[in-house]
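Before any comments, here is the structure.
The values are calculated or read from the model by the stated rules, or taken from the named source; none is laboratory data. The model shown is predicted, which means the values in this text are computed figures rather than measured ones. Don't worry about glycine lacking a Cβ; one is built from the backbone with ideal geometry, like all the others, and counts go over all protein chains shown. Accessible surface is based on the protein model in full, side chains and every heavy atom, while ligands, DNA and RNA are left aside. Shrake-Rupley method; radii C 1.70, N 1.55, O 1.52, S 1.80 Å.
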Amino acid sequence: AQTVTQSQPEMSVQEAETVTLSCTYDTSESDYYLFWYKQPPSRQMILVIRQEAYKQQNATENRFSVNFQKAAKSFSLKISDSQLGDAAMYFCALPGETSGSRLTFGEGTQLTVNP
Amino acid sequence: EPEVTQTPSHQVTQMGQEVILRCVPISNHLYFYWYRQILGQKVEFLVSFYNNEISEKSEIFDDQFSVERPDGSNFTLKIRSTKLEDSAMYFCASIRDSQETQYFGPGTRLLVL
């Protein structure tokens, strides 16, 4: 069975600083995708970034980037120049092993941004 | 940009009542999903739907739950005889292709009293 683990229930960062959120996972697939979703207080699930496992290059979206270590099954999210609006719960997610299957989510990391 | 929409945004019901949560997936999407999130917990998969039938369901999705795509646009989740523990945020998601990102609706907050 696939698992996704986020070992940091809470993190905090000063505004304009950089923070890294950790995620590890387990899958028997060799070709897959990984996602980070952001959930602000409104509780909407917003896609932050996506990584294809077959790509060696780490994905980047503006201030958000990932450190994808396939062999270690690690997928961390780096937020640079943190802004107050980045405060949210962040979930790491992994699709299932069959086509179009479910997402398995980690437990989430609550990020606080201090002014 | 196309969005997944969900109605209602909030629903309060009495224990034992039936509720129907509605979703309108993005128009050219083919795979549809329901997830739930109990307050303070992670997002849990309920069911996926493809080609007019359930393609996968979790252990949570028991006989109390059913899904339907009654027309070309709506995707509904019915909860029969609601229980207190059904109180949660329910999210609908959809994708066009199996390799794509799942896009989530804003959720329906269900409170069972």
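Assorted remarks:
- The condition (being within 21 Å of residue A:50 (Cα to Cα), within 15 Å of the chain's Cα centre (by Cα) and either in contact (Cβ under 8 Å) with a residue 24 or more places away in the chain or within 10 Å of chain A (Cβ to nearest Cβ) (or both)) is satisfied by just one residue among B:58, B:94, B:98: B:94.
- Residue match in segment B:29-39 (condition: open to solvent by less than 20 Å² (accessible area, probe 1.4 Å), over 21 Å from residue A:97 (Cβ atoms) and outside any loop (DSSP other than H, G, I, E, B)): yes
- Residue A:65, sole failed condition from (1) outside any strand (DSSP E or B); (2) free of Cβ contacts under 8 Å to residues at least 24 places away in the same chain; (3) open to solvent by less than 50 Å² (accessible area, probe 1.4 Å): (1)
- Boolean, residue B:64 is of a type outside the set (Asp, Glu), more than 14 Å from every other protein chain (Cβ to nearest Cβ), over 25 Å from residue A:39 (Cα atoms) and out of contact with any Asp or Glu (no Cβ under 7 Å at 6 or more places or on another chain): yes
- If you go through segment A:69-84 and keep only what is open to solvent by less than 20 Å² (accessible area, probe 1.4 Å) and either within 14 Å of chain B (Cβ to nearest Cβ) or not in a loop (DSSP other than H, G, I, E, B) (or both), you end up with A:75, A:76, A:77, A:79.
- Any hit, segment A:31-47, residues being out of contact with any His (no Cβ under 6 Å at 6 or more places or on another chain), assigned to a loop (DSSP other than H, G, I, E, B), open to solvent by 40 Å² or more (accessible area, probe 1.4 Å) and modelled with pLDDT of 95 or more: no
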